[in-house]
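Here the structure comes first, spelled out in structure tokens, and everything after it is commentary.
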Amino acid sequence: MENSENILDRVKHLAKEKKITLSELEEKSDLAPRSIYSWKTKNPTGTKIQKVADVLNTTSDYLLGRSNNPSPIDEEDDPSMFFRIDMRNVPEEDRDEFKAQLKLLKDFAFKQIEEARKEQGKEEKDQK
């Protein structure tokens, strides 16, 4: 998807992928007939966008062009979501230290993975 695409383009693309017409999408989303077509010139409400996103199994961020990933992320299955932090809750004077601590945590995790791989390689070598 190109960034120049609007919400209607993204909805059409996903509907086509899922083999659903826009009329069927409107019906399943509990929207008025031909309302999605009007999104080319009118901005839909957040509620309407979310209804369509739910039916298309995507996110409103994708439909709005804020994300290029149409797949919704299940936070429980994706630990990287732990690092998508709203920094507004972190006092301004603590933000640099907070970011530094997150970097240390990330580096520690990578080091643990690297050490586990080395240990596994050593065990495999010993078994030969």
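The values are calculated or read from the model by the stated rules, or taken from the named source; none is laboratory data. None of the values given here were measured: they were computed from a predicted structure. Note: ideal-geometry Cβ built from the backbone for every residue, glycine included; neighbour counts use all protein chains shown.
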Residue under question is LEU105, and the condition is that it be under 29 Å from GLU27 (Cα atoms), at pLDDT 80 or above and of a type outside the set (D, E, K, R); does it hold?
no
Residue count, the stretch 86-95, condition exposed (fewer than 10 other Cβ atoms within 10 Å of the Cβ) and in a helix (DSSP H, G or I), comes to 4
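Would you say PHE98 is more than 19 Å from ASN6 (Cα to Cα), aromatic (Phe, Trp, Tyr) and either in a loop (DSSP other than H, G, I, E, B) or modelled with pLDDT under 90 (or both)? Before the answer, list the steps.
On the way: more than 19 Å from ASN6 (Cα to Cα): yes; aromatic (Phe, Trp, Tyr): yes; either in a loop (DSSP other than H, G, I, E, B) or modelled with pLDDT under 90 (or both): yes.
Here the answer is yes, as PHE98 does meet what is asked.
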What number of residues in the stretch 1-48 are surrounded by 10 or more Cβ atoms within 10 Å (Cβ to Cβ), in contact (Cβ under 8 Å) with a residue 40 or more places away in the chain and either part of a loop (DSSP other than H, G, I, E, B) or of a type in the set (Lys, Arg) (or both)?
4
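Is it the case, given these coordinates, that SER67 is of a type in the set (Gly, Ala, Ser) and modelled with pLDDT under 90?
Working: of a type in the set (Gly, Ala, Ser): yes; modelled with pLDDT under 90: yes.
It is true that SER67 is of a type in the set (Gly, Ala, Ser) and modelled with pLDDT under 90.
Regarding the stretch 62-71, can at least one residue be identified that is surrounded by fewer than 20 Cβ atoms within 10 Å (Cβ to Cβ), part of a helix (DSSP H, G or I) and not acidic (Asp, Glu)?
So in the stretch 62-71, the residues surrounded by fewer than 20 Cβ atoms within 10 Å (Cβ to Cβ) come out as 64-71.
From what's left, part of a helix (DSSP H, G or I): none.
Looking for residues that are surrounded by fewer than 20 Cβ atoms within 10 Å (Cβ to Cβ), part of a helix (DSSP H, G or I) and not acidic (Asp, Glu), one finds none in the stretch 62-71, hence no.
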